[in-house]
Amino acid sequence: MACACSTLGLSSPRILPRSVPVSPSRSKPLQVRCTVGELVMEPKVSSVDAPLLLKAVNGEKIERPPVWLMRQAGRYMQSYRTLCEKYTSFRERSENLDLVVEISLQPWKVFKPDGVILFSDILTPLSGMNIPFDIVKGKGPIIHNPLREAADVDQVRDFVPEESVPYVGEALRILRAEVNNEAAVLGFVGAPFTLASYVVEGGSSKHFSKIKNLAFSQPKVLHALLAKFADSMARYIGYQADSGAQAVQIFDSWATELSPVDFEEFSLPYLKQIVDQVRQSHPSLPLILYASGSGGLLERFRLTGVDVVSLDWTVDMAEGRRRLGPEVAVQGNVDPGVLFGSKEFITARIMDTVAKAGSHKHILNLGHGIVVGTPEENVAHFFEVAKGIRY
């Protein structure tokens, strides 16, 4: 049976009042009480020493929600900013083995999250697919030769990660050894439509007019590009898993720019293709799907076959759980802006999210990445409160 959780001692099962603070020196864990809810699927069984995050995905009974944060390795940490002063190029930081490992481990050494994610970028595979790009400070991704014709797509090569990004595999192997199963090592890839958006638009976009022009005027050209990305990203996921990743998150950042009917044509089939291909080679590898602003597409996300859907903060967690159904694990979904609030406020929002998510198949996270300027002490408090929860 699933559990609909409420914070201990509260008459309402939903909201933890702001008047219930958590002291950093609190000796007792925060309690979460559960009541019987809907039937859920029989849980898979992980090994006894499996990381907490994997146990949550598999539906095992655990004592607290696992927790990690998107963009947890990055701009809010002083140690990262100091490193950036020496290594000013993002691509250098994300494509140099020693730097990738160091940056990936920075939050692990300070906060001990339950997930340690590879420091990289969803565009990293592009060079290996004959799509030159750069990431320019203040401008973001720049695609030097945008793809807009059938001849352009014909020049796109299949991605062979062993040849193009061997440092990714080596970094994951090092991370597994360093973390030593105390947390799950996470890899990630970009989804086909999101990657296509960058390479067709030539970089970031506000209106996505160029890729929609291609989609609606030359759909066969776009489908050919999406198919290449789907096959290559499925192969990339397998490579990451073989190198040590214990779960992989798929970012379809721009899928929510599509109407539901267009999502069903230009994103959903290719997400399903990735999942199906990975299931054939790595049937037990957990796959997580995230897209910001995805409230209108949740039911369609479920159709992809992923194990976990990561909710952004614009979706109520309890509503999201109902819409996704009990067989899908959920991740999220605290507003990143909450980390600018008081410690009492942060605590209240964490408890509200956990209460609505329940004690079954939930990974605590933000609804998006950490915002630049977030106080590190508030991040520390977020992890401290999360780890102090007991169902």
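Listing for the model above:
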{"item": "Some residue of the range 111-123 being farther than 18 Å from VAL189 by Cβ, acidic (Asp, Glu) and without any contact (Cβ under 8 Å) to a residue 40 or more places away in the chain", "result": "no"}
{"item": "Pair list, Cβ under 9 Å, 6 or more apart: the range 71-92 residue closer than 13 Å to GLY373 by Cα, other residue basic (Lys, Arg) and assigned to a loop (DSSP other than H, G, I, E, B)", "result": "ARG81/ARG75"}
{"item": "Sole exception among (1) at pLDDT 95 or above; (2) within 25 Å of GLN331 (Cα to Cα) for SER79, by number", "result": "(2)"}
{"item": "Matching residues, the range 45-70, being free of Cβ contacts under 8 Å to residues at least 40 places away in the same chain and either buried (at least 20 other Cβ atoms within 10 Å of the Cβ) or closer than 20 Å to ILE370 by Cα (or both)", "result": "LYS55"}
{"item": "Options VAL309, VAL354, VAL338; residue that is among the aliphatic types (A, V, I, L, M), under 30 Å from ALA230 (Cα atoms) and touching a helix residue (DSSP H, G or I) at 6+ places or on another chain (Cβ under 9 Å)", "result": "VAL309"}
{"item": "First in the range 149-176 and in contact (Cβ under 8 Å) with a residue 12 or more places away in the chain, second anywhere and in a helix (DSSP H, G or I) and among the aromatic types (Phe, Trp, Tyr), Cβ under 8 Å, 6 or more apart", "result": "PHE159/TYR236; PRO161/TYR236; PRO161/TYR239; GLU162/TYR239; VAL168/TYR239; GLY169/TYR239"}
{"item": "Among (1) in contact with a Gly (Cβ under 6 Å, 6 or more places away or on another chain); (2) surrounded by fewer than 19 Cβ atoms within 10 Å (Cβ to Cβ), the one test that SER243 misses", "result": "(2)"}
{"item": "Scope the range 106-130; condition under 22 Å from ALA196 (Cα atoms) and not aliphatic (A, V, I, L, M); matching residues", "result": "PHE119, SER120, ASP121, THR124, PRO125, SER127, GLY128, ASN130"}
{"item": "Every residue from the range 93-121 that is surrounded by fewer than 20 Cβ atoms within 10 Å (Cβ to Cβ) and either outside any helix (DSSP H, G or I) or modelled with pLDDT under 95 (or both)", "result": "ASN96, LYS112, ASP121"}
{"item": "THR314 crowded, with 16+ Cβ neighbours inside 10 Å and either part of a loop (DSSP other than H, G, I, E, B) or at positive phi (or both)", "result": "no"}
{"item": "Members of the range 188-211 that are among the small types (Gly, Ala, Ser) and surrounded by 22 or more Cβ atoms within 10 Å (Cβ to Cβ)", "result": "GLY190, ALA191, ALA196, SER197"}
{"item": "Residue selected from the range 353-370 under the condition assigned to a strand (DSSP E or B) and under 12 Å from the mean Cα position of the chain (by Cα), by the criterion surrounded by the fewest Cβ atoms within 10 Å (Cβ to Cβ)", "result": "ILE363"}
{"item": "Helices (runs of 4 or more DSSP H) contained in the range 122-187 and holding at least 3 residues crowded, with 17+ Cβ neighbours inside 10 Å", "result": "166-179"}
{"item": "Criterion (more than 24 Å from SER259 (Cα to Cα), touching an Asp or Glu at 6+ places or on another chain (Cβ under 9 Å) and surrounded by 19 or more Cβ atoms within 10 Å (Cβ to Cβ)) met by exactly one of ALA329, ALA291", "result": "ALA329"}
{"item": "Residue list for the range 295-319, filter: in contact (Cβ under 8 Å) with a residue 24 or more places away in the chain, under 18 Å from PRO66 (Cβ atoms) and either of a type in the set (Gly, Ala, Ser) or out of contact with any Pro (no Cβ under 8 Å at 6 or more places or on another chain) (or both)", "result": "VAL306, SER310, LEU311, MET317"}
{"item": "Conditions (1) of a type outside the set (Ser, Thr, Tyr); (2) within 18 Å of the chain's Cα centre (by Cα); (3) within 17 Å of GLY190 (Cβ to Cβ); number of the one not met by TRP313", "result": "(3)"}
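The values are calculated or read from the model by the stated rules, or taken from the named source; none is laboratory data. Computed from a predicted model, the values in this text were never measured in an experiment. When we count neighbours, we look across all protein chains shown, and the Cβ atoms used for this are built from the backbone with ideal geometry, even at glycine.
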